[in-house]
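Since every read-out is calculated from the coordinates, none of them should be taken as a lab result. Remember, predicted model here, so these are calculated numbers, not experimental data. Reconstructed Cβ throughout: ideal geometry from the backbone, glycine too, with neighbour counts over all protein chains shown.
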Amino acid sequence: MSWYTKYLSVFEKPIDVASQVTIQEIRDKLKLLQSSDPVATVVVIAHNEEHRLLSCLWSLSENITSYPIEIIGVDNNSTDRTSAVFDAVGLPFYFEERKSPGFARDCGQTHAKGKYYICIDSDTLYPTHYFQIMLDELVKPGVSGVYSLWSFIPDKKFPIWKLTFYEFLRDINLQLQSFKRPELCVRGMVFAYNLEFGRKVGYRINIKRGEDGIMALGLKKYGKLIFIHNRKARAITCNSTLKADGSLFFALRKRALKVIRYAGGYFVKKKYYQDRGQNLIK
């Protein structure tokens with residue numbers, strides 16, 4: 001049985017499906033994790049994630065770490081019952097009316113009390129030692145940020161053997177990119193950084209995606225970005241981005257063509273990336 005199997009019992013399902021025993025268990029465990037003097041702030045951003053948020057919070061509630069932490073949520077102007085999920089498990093959260101991942105993560109930065117900021121996406125599940133492994137690297141001298149790998153939740157359309165093959169090739173590409181352009185490897189769902197530096201860099205709030213990579217790019221001038229390969233820090237997320245491409249074959253082909261087109265970038269550092277019109281929020 002995979003470590004995340006039990007969380008799937010409430011994944012992509014309304015909160016009404018969860019038993020009161022489960023909800024109370026999550027509530028109690030989250031409360032035990034909360035510190036009034038945290039070393040790190042864990043920020044869970046959510047926009048219309050009523051059906052996924054509870055499973056994410058369940059996985060977070062079972063994390064084991066020696067570091068004092070706080071966990072807070074950000075409801076990014078949801079129109080479903082996202083806020084009701086936060087309320088049900090007693091997690092403190094903030095409402096951010098302006099919609100974009102940048103606005104949501106920036107809201108988290110505003111309210112964070114810790115020295116370090118751990119980004120969490122509400123459609124993602126996290127293994128038990130995730131916080132510990134990420135922070136063990138992040139607190140080292142000269143480090144401004146850390147990031148890890150992720151897998152996709154298998155289903156009938158995307159069975160685990162196909163996903164394993166896809167992720168193997170993707171991880172090789174990420175490893176090659178990480179030497180000169182680590183910012184291209186960073187995903188907000190598996191990213192943590194020094195909050196002092198993050199506030200100096202600031203989030204791009206006018207783009208639909210890429211706010212995490214731009215933050216990582218800015219953090220490079222304050223210290224190293226560490227790529228964590230430990231499988232115990234490997235999160236698992238929904239496969240909606242793959243489904244958007246229609247099939248795993250088309251998803252792989254699309255990304256392979258992009259790799260071929262920009263292969264020269266493996267050997268060259270970059271300080272600036274040109275905005276794409278379709279990615280801008282007008």
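Considering only C-alpha atoms, what is the centroid distance from segment 87-143 to segment 1-80, in Å? Result: 12 Å between the Cα centres.
A full extension of the chain between Lys269 and Asp171 corresponds to an added length of 33.3 nm, given 0.36 nm per residue minus the alpha carbon distance.
Of all beta bridges DSSP finds with both residues in the chain, what is the antiparallel percent, to the nearest 5? Walk me through the numbers before you get to the answer.
Details: 10 of 35 bridges.
Beta bridges within the chain, antiparallel portion: roughly 30 percent.
Pairs of Cα atoms nearer than 8 Å and 6+ residues apart set the relative contact order; for the chain it is 20 percent.
The spacing between segment 154-190 and segment 200-236, judged by their C-alpha centroids, is 15 Å. Computed from label points 7 Å out along Cα-Cβ, the spacing between Lys258 and Ile64 is 3.7 nm. Say we join alpha carbon atoms closer than 10 Å with springs in a Gaussian network model of the chain; which of Pro38, Pro141, Pro154 then has the biggest fluctuation? Comparing Pro38, Pro141, Pro154 in a Gaussian network model of the chain, the most mobile one is Pro141.
Comparing mean-square fluctuations of Gly265, Gly108, Gly90 from a GNM of the chain with C-alpha springs under 10 Å, the top value falls on Gly265. Springs between Cα atoms under 10 Å define the GNM used for the chain, and in it the highest mean-square fluctuation of Lys156, Lys29, Lys180 occurs at Lys156.
Where nothing but the Cβ of Lys and Arg (+1) and of Asp and Glu (-1) is charged, how large is the charge dipole of the chain around its Cα centre, in debye to the nearest 20? Each step should come with its number before you reach the end.
Values: 42 positive and 28 negative charges, 327 e Å.
Approximately 1560 debye in magnitude.
List the chymotrypsin sites (Phe, Trp or Tyr not before Pro) in segment 224-277 that DSSP assigns to loop (not H, G, I, E or B) and whose Cβ has at most 13 other Cβ atoms within 10 Å. Which are they?
Taking segment 224-277 and a limit of 13 other Cβ atoms within 10 Å, the loop chymotrypsin sites (Phe, Trp or Tyr not before Pro) found are Tyr262, Tyr272, Tyr273.
In loop segments of segment 14-122 as defined by DSSP, the GluC sites (Glu not before Pro) with at most 11 further C-beta atoms inside 10 Å of their C-beta are Glu97.
Taking segment 150-217, which chymotrypsin sites (Phe, Trp or Tyr not before Pro) meet the DSSP loop condition and have no more than 14 other C-beta atoms within 10 Å? Numbers along the way, then the final one.
Values: sites: Trp150, Phe152, Trp161, Phe165, Tyr166, Phe168, Phe179, Phe191, Tyr193, Phe197, Tyr203; in loops: Phe179, Tyr203.
Sites meeting the loop and neighbour criteria: Phe179.
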